[in-house]
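Data first, discussion second: the structure below is written as structure tokens.
The values are calculated or read from the model by the stated rules, or taken from the named source; none is laboratory data. All of these numbers come straight from a predicted model, not from anything done at the bench. No Cβ is skipped: glycine too gets one built from the backbone with ideal geometry, and neighbour counts run over all protein chains shown. Remember, those area values only see protein heavy atoms, side chains included, never the ligands or the DNA or RNA. Shrake-Rupley method; radii C 1.70, N 1.55, O 1.52, S 1.80 Å.
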Amino acid sequence: MKKAEKKAWPRLLSPCLVLAGSVMASSGLSAAEPLPQPPDVVLAPLFQAVQAAKIYPDQKTFADAQPLRDPSSILADWQMQKQQRNFDLKRFLATNFTLSADGKSDTPPPAKNLREHIDSLWPMLTRSPASSEQWGSLLPLPKPYVVPGGRFNEIYYWDSYFTMLGLAKSDNWQLVQDMTDNFAWLIDQYGHIPNGNRSYYLSRSQPPFFSMMVDLLAQKKGDEVYRHYLPQLKKEYDWWMAGANDGELKPGSAVHRVVKLKDGTLLNRYWDERDVPRTESWMEDILTAQRATRRDKSEVWRDLRAGAASGWDFSSRWFDKPNDLTTVRTTAIVPVDLNSLLWHLETTLAKASALSGNQEVSQRYTQLAQARQKAINHFLWDKKQQWYADYDWKKASVRPELTAATVFPLYMQLATPQQAADTARAVEQKLLKPGGLSTTTLITGQQWDAPNGWAPLQWAAVSGFNHYGNQTLARKIGLRFLNNVQNTWNTEHKLVEKYVVEGSNLGGGSGGEYPLQDGFGWTNGVTMMLLDLYCPQGKKCNNASEIPETDNAQP
């Protein structure tokens, strides 16, 4: 390795210290309750050697591998055996680790229609309560859960909400209950909901949909659901707001996930407690940092990790230069979708507290929600271009890019009627495409940019515009995406994680760090929602072709 390249490698002790310190502090855990450590800490020198050698095409493969014995013994043997002339690293790994199944063999039986196909997928994607992998990265969960599919053989936080919508439509309420309980358990166990149930995801979360999950379950089981999950709702909110009341947090600064604007307004950002390469994308992040010659590498890694926490990994939304990943600045950005979701969490806490008989606490959360709503409609509203956007708190200015995140204030119902109308006009002119809603207006090669469209964003848009009486635009977005999914299933008999929504080749999406994945949890869920939403009253539609293209079947 060249001397210049050595500087790109993270310090081996840094991850361990961060996990043992910062994450515990921000999670509310004491030093007596150490968090499970990720493979890049437990197996540090071996992990780096394996990833650098690119033994596996996907860097996530070794991150998910299960050691067959105590990692310290494996490390000791590796240190000794690697000095031998005929040492074979690949053979050593096969002897000491088993690889996690990625679900690609989970092929459902032939289906007559799209609905039947999705119903047959749920068992394929369901995992039993995970027993503790003594030395592996998978975090055990107490109840069954549904994974996205493909390389994603663990739960993901925001994916799961949209998956749960589909489970509810399939009348699988027990799994909706089980998954909500699992997320509540994660909050109790770790102080927050991690990105996914892997040890290497514990240092960050994802878009906070837990309060939406509680809403969903309450539709079936009533208001008692709010009272039952109130402790976990509070804990999650406290984690997101950790440091907000710290006297050292000055205007124009940030701590963890909280940003205090120059006028004292509190909003939130995405953040990861670690500043090293992502465990699951180790070499990709090493190379990105090497290319960022004018930036501190730990800063680049933190911003990449925060981008992963956003769920939009990656998008020009987080970059200063649209086609340059090295300019990622996620931690300097106040996202409109994140803050809309936290507004929903605050309003849910107000409701749950009132139902529990604590009006004083309910009023406090109501006031917090009102303050956040005012801030979103002021700071995250582009007055010149007339749409919602992210805010650069370091530059004290709204970011000019239009992205599909603009629909989240409508989805959560905190926009004014005029802002909703203006947002609708911008979306129809710039983001609406033949195959659905485009993620951004820019084609960069990143998977969370054009020409891709993603199921959760379609549902956020459809719901948001319906909330504000714009059923026509909602229907255009919903049916264009649904037909895109249907056409892809007709030709390939599968659902995928993302779709191309513009150009001549609609269908499975492209771009990003890994190949297109099949399954796929949130696509299944949103497809079921759209089939039922737009099916003529009194009928059950099994394919998109059964839904009239005219406006006669508006919901």
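Brief remarks follow.
- Among residues of segment 476-498 that are closer than 15 Å to S545 by Cβ and in contact (Cβ under 8 Å) with a residue 12 or more places away in the chain, those with a beta-carbon under 6 Å from a residue that is of a type in the set (F, W, Y) and open to solvent by less than 10 Å² (accessible area, probe 1.4 Å) at least six positions away or on a different chain give the pairs N484/Y499.
- Every listed requirement among (1) open to solvent by less than 40 Å² (accessible area, probe 1.4 Å); (2) in contact with a strand residue (DSSP E or B) (Cβ under 9 Å, 6 or more places away or on another chain); (3) of a type in the set (K, R) is met by K250 save one, (1).
- When segment 440-479 is limited to residues that are hydrophobic (A, V, I, L, M, F, W, C) and assigned to a strand (DSSP E or B), the one that is most open to solvent (accessible area, probe 1.4 Å) turns out to be I443.
- When A354, A405 are checked against the criterion of being surrounded by 22 or more Cβ atoms within 10 Å (Cβ to Cβ) and part of a helix (DSSP H, G or I), A405 stands alone in meeting it.
- Number of the condition not met by M212 [criteria: (1) part of a helix (DSSP H, G or I); (2) out of contact with any Phe, Trp or Tyr (no Cβ under 7 Å at 6 or more places or on another chain); (3) open to solvent by 10 Å² or more (accessible area, probe 1.4 Å); (4) among the hydrophobic types (A, V, I, L, M, F, W, C)]: (2)
- Search result, residues across segment 514-533 that are assigned to a loop (DSSP other than H, G, I, E, B) and touching a Phe, Trp or Tyr at 6+ places or on another chain (Cβ under 8 Å): Q517, G519
- Restricting G519, G512 to residues that are at positive phi, in contact (Cβ under 8 Å) with a residue 60 or more places away in the chain, surrounded by fewer than 20 Cβ atoms within 10 Å (Cβ to Cβ) and under 24 Å from the mean Cα position of the chain (by Cα) narrows the list to G512.
- Residue within segment 269-285 that is in contact with a strand residue (DSSP E or B) (Cβ under 9 Å, 6 or more places away or on another chain), surrounded by fewer than 20 Cβ atoms within 10 Å (Cβ to Cβ) and not acidic (D, E) present: no
- Which listed residue, of P335, P277, is more than 30 Å from V407 (Cβ to Cβ) and either touching a Lys or Arg at 6+ places or on another chain (Cβ under 9 Å) or touching a residue at least 12 places away in the same chain (Cβ under 8 Å) (or both): P277
- T326 vs. criteria more than 15 Å from V259 (Cβ to Cβ), of a type in the set (S, T, Y) and surrounded by fewer than 21 Cβ atoms within 10 Å (Cβ to Cβ): yes
- Residue match in segment 425-433 (condition: in a strand (DSSP E or B), touching a helix residue (DSSP H, G or I) at 6+ places or on another chain (Cβ under 6 Å) and closer than 24 Å to F481 by Cβ): no
- Members of segment 298-310 found to be more than 19 Å from the chain's Cα centre (by Cα) and either under 20 Å from I155 (Cα atoms) or surrounded by fewer than 21 Cβ atoms within 10 Å (Cβ to Cβ) (or both), listed by number: S298, E299
- Residue selected from segment 64-76 under the condition aliphatic (A, V, I, L, M) and either touching a Phe, Trp or Tyr at 6+ places or on another chain (Cβ under 7 Å) or surrounded by 12 or more Cβ atoms within 10 Å (Cβ to Cβ) (or both), by the criterion nearest to Q48 (Cα to Cα): L75
- Only one of the listed residues (G307, G311) is in contact (Cβ under 8 Å) with a residue 24 or more places away in the chain, under 18 Å from W240 (Cβ atoms) and in a loop (DSSP other than H, G, I, E, B). That residue is G311.
- Pairs where the first residue, in segment 436-455, is within 20 Å of F408 (Cα to Cα) and the second is assigned to a loop (DSSP other than H, G, I, E, B) and of a type in the set (F, W, Y), C-beta under 6 Å, 6+ apart: T439/W448; W448/W312
- With respect to the conditions (1) among the aromatic types (F, W, Y); (2) under 24 Å from the mean Cα position of the chain (by Cα); (3) closer than 21 Å to Y237 by Cα, Y365 falls short on a single one, namely (2).
- Among the residues making up segment 311-330, those that are within 16 Å of the chain's Cα centre (by Cα) and of a type in the set (S, T, N, Q) are S315, T330.
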